[in-house]
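First comes the structure, then the notes that go with it.
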Amino acid sequence: MTSEQTFTLNLINSLKTVGSKRTYSRGDFILKEGEVEKNLYYVESGAVRVFLLSEYEEQSIRFGFEGSIINSLSSYFKGSPSEFYVEAIRKTTLLVISKEKVQGIANQDTESLIGYSHLLETVISQQMEREVDLLTVSPTERLKRVLERSPDLFQHVPLKYIASYLRMTPETLSRIRNS
């Protein structure tokens with residue numbers, strides 16, 4: 001088992017013992033724009049999305065479903081107000097742990113610190129993949145790249161949110177899927 005896997009397993013075990021369990025209904029906000037993110041969320045069941053609200057549209061930027069760890073990353077790391085909303089997109093149960101407790105787990109020993117570092121590297125890599133997705137001109141290629149990383153995406157997330165994530169209309173996404 002890698003140090004990242006060991007750390008993640010320890011984190012999930014800690015979530016089960018020192019974290020709190022919260023259940024949200026579809027449409028409930030876990031975090032709103034302007035609030036400071038102080039927690040890390042493990043999706044035990046259901047699905048959530050992180051999105052940005054502009055004056056013209058909602059832009060989904062990340063999804064979390066069963067087994068995912070998610071939050072408003074920049075707010076969490078900088079301690080600044082979030083630019084994003086985190087919303088339950090169906091009935092969702094989260095295990096919630098504070099940033100202080102996460103840091104305590106990471107600082108337990110050298111292996112935990114290395115695992116935490118590897119986990120952060122994975123998150124940064126995922127964000128870079130998202131950037132490449134947005135720069136990929138072809139909608140078909142964008143969908144292909146996302147499905148390579150998350151083949152079960154359509155089982156967890158409604159089409160309209162996936163379309164928003166891919167920066168296309170739901171009609172375009174349906175047409176691509178059906179071709």
>> Being closer than 15 Å to S164 by Cβ, more than 11 Å from the chain's Cα centre (by Cα) and of a type in the set (S, T, Y) is the filter here; which residues of the stretch 46-96 pass it?
In response: S54, Y56, Y85
>> I'd like the residue in the stretch 69-94 that is of a type in the set (G, A, S) and open to solvent by 30 Å² or more (accessible area, probe 1.4 Å) and, out of all such residues, is modelled with the lowest pLDDT.
In response: S74
> Could you count how many residues in the stretch 45-98 are among the aliphatic types (A, V, I, L, M) and closer than 16 Å to R22 by Cβ?
Replying inline: 11
> How many residues does the stretch 1-19 contain that are among the hydroxyl-bearing types (S, T, Y) and surrounded by 16 or more Cβ atoms within 10 Å (Cβ to Cβ)?
Replying inline: 3
> Would you pick out the residues in the stretch 4-36 that are closer than 29 Å to A163 by Cβ and in contact (Cβ under 8 Å) with a residue 60 or more places away in the chain?
Replying inline: R22, T23, Y24, S25, R26, G27, D28, I30
>> Return the residues of the stretch 141-157 that are in contact with a strand residue (DSSP E or B) (Cβ under 9 Å, 6 or more places away or on another chain), part of a loop (DSSP other than H, G, I, E, B) and either surrounded by fewer than 17 Cβ atoms within 10 Å (Cβ to Cβ) or without any contact (Cβ under 8 Å) to a residue 40 or more places away in the chain (or both); say none if nothing qualifies.
In response: S150, D152
>> Criterion first (without any contact (Cβ under 8 Å) to a residue 12 or more places away in the chain and hydroxyl-bearing (S, T, Y)) does S68 satisfy it?
In response: no
> Pick from the stretch 158-179 the residues that are open to solvent by less than 50 Å² (accessible area, probe 1.4 Å) and among the polar types (S, T, N, Q): which of them is nearest to I89 (Cα to Cα)?
Replying inline: S164
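The values are calculated or read from the model by the stated rules, or taken from the named source; none is laboratory data. These numbers come from a predicted model, not from an experiment. Reconstructed Cβ throughout: ideal geometry from the backbone, glycine too, with neighbour counts over all protein chains shown. SASA here: full protein model, heavy atoms, side chains in, ligands and nucleic acids out. Shrake-Rupley method; radii C 1.70, N 1.55, O 1.52, S 1.80 Å.
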